[in-house]
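Quick note: the coordinates plus some simple rules give every number you see, no bench work behind them. Note that this is a predicted model, so its numbers are computed, not measured. Cβ coordinates were reconstructed from backbone atoms using ideal geometry, including for glycine residues, and neighbour counts include every protein chain displayed.
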Amino acid sequence: MVWIPGGTFTMGDNGGFPDERPAHDRTVAGFFMDRHEVTNRQFAEFVAATGYVTIAERPLDPKDFPDLPADQRKPGALVVNGTDWKYVPGANWKHPQGPGSGIDDRLDHPVVQVAWDDAVAYAKWAGKRLPTETEWEYAARAGSRQKYIWGEAEPAGQANIGVGDKFTLTGPVETYAPNAFGLFDMAGNVWEWCADSYDPTAYAKPGQLKESDEKVMRGGSFLCFPETCQGYRPSARMKSTRDTGLMHVGFRCVK
């Protein structure tokens, strides 16, 4: 882990998407943060030690999905195929793209297809927790107010993000240069779960955030393209439901 010294910074971006506004000052106490995203190797150690079964490996509960035929309630997760997302039975952290895919050659890649609840379970086992959204952005910025974690220049080989209309899936952690705090992949590779519930108007009403099943993700992924989401900007926000596994979402922990 890397020690992140406390301080005050400006969170959000008045020039970004509506849920990044208004920019406002926040003060953060010092904390430790994983230098890179939790890898398949690390998550496998957790599963071996605890016998934990991720949400994507559990059958869908008939009470929650009464209209689904039994053969469509099989364990699985969402996988992108071209430009479309599809629920694929058999997709999980060990088979990120469904049956036939694996992680034997991706042990140093970030674990994916883990839901928010799975990330929380890992963090608890490791004696850590998920970062708050404020901690995450503070750590990503590392004292800078520039557009990207590497500066103002448009991305050109600084992160694992989409190029043109192509993407390359996850890459090994610590492939690209770290930010000023020594943290890797705070832009691109995979989105990272944060502890907070998502509220698109949270910045306009501090202290009034309510718990919900939609949780914040930060950092962008290999599916973020310069022409579209630019989710790899340090202020960019994304969300998904806490029980959803995705092939471009992972996490890192703090303490």
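Relative contact order for region 70-149 using alpha-carbon pairs under 8 Å, separation at least 6, rounded to a whole percent? All intermediate terms of the calculation are to be shown ahead of the outcome.
Details: 70 pairs, mean separation 12.7, N = 80.
Relative contact order of region 70-149: 16 percent.
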Item to complete: Would you calculate the separation in nanometres between label points at M1 and E45, each defined as 7 Å from the Cα along the Cα-to-beta-carbon direction?
Response: 1.4 nm
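Between Y87 and Q208, take the C-beta separation as r, use R0 = 41 Å, and let me know the FRET efficiency to the nearest 0.05.
On the way: r = 34 Å, r/R0 = 0.84.
Efficiency, rounded to the nearest 0.05: 0.75.
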Worksheet item: So how do 38-44, 63-69, 83-89 stack up, highest first, on mean other-Cβ count within 10 Å?
Response: 38-44, 83-89, 63-69
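Note down the net charge around G171, summing +1 for each Lys or Arg and -1 for each Asp or Glu among other residues with Cβ under 10 Å from its Cβ. Spell out each step's value before the answer.
Working: positive: R106; negative: D108, E174, D185.
Residues near G171 contribute -2 overall.
Quick one: compute the contact order of the chain, relative version, from alpha carbon pairs under 8 angstrom and 6+ residues apart, as a percent. Write down the numbers at each step before the final one.
Details: 575 pairs, mean separation 65.0, N = 255.
About 25 percent, as a whole number.
What's the local net charge at Q208, with K and R +1, D and E -1, over the other residues with C-beta under 14 Å away? Kindly include the intermediate steps, with their values, before the conclusion.
Values: positive: K205, K210; negative: D196, D199, E211.
With Lys, Arg at +1 and Asp, Glu at -1, the neighbours total -1.
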Discussion item. Could you tell me the center-to-center distance, by alpha carbons, between region 120-181 and region 1-41 in angstrom?
Written reply: 10 Å
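N14 to A180: FRET efficiency via 1/(1 + (r/R0)^6), r the Cβ-Cβ distance, R0 25 Å, to the nearest 0.05? Walk me through the numbers before you get to the answer.
Working: r = 23 Å, r/R0 = 0.92.
It comes to 0.60.
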Item to complete: State the answer as a single residue: which of T132, A204, V28 lies farthest towards the positive end of the charge dipole of the chain, with beta carbon charges of +1 for Lys and Arg and -1 for Asp and Glu, about the Cα centre.
Response: V28
Discussion item. Show me, for region 80-88, the HN-Hα J-couplings you get by feeding each phi into the Karplus relation (A = 6.51, B = -1.76, C = 1.60, θ = phi - 60°), rounded to Hz, glycine and proline as x.
Written reply: 8, 10, x, 10, 10, 9, 9, 6, 10
Practice prompt. Can you give me the P(r) profile for the chain? Cα pairs, bins 5 angstrom wide beginning at 0, each as a whole percent.
Written response: 1, 6, 13, 18, 20, 17, 12, 7, 3, 1, 0
Worksheet, complete the sentence: If each K or R counts +1 and each D or E counts -1, the residues other than R242 whose Cβ falls under 9 Å of its Cβ total -3
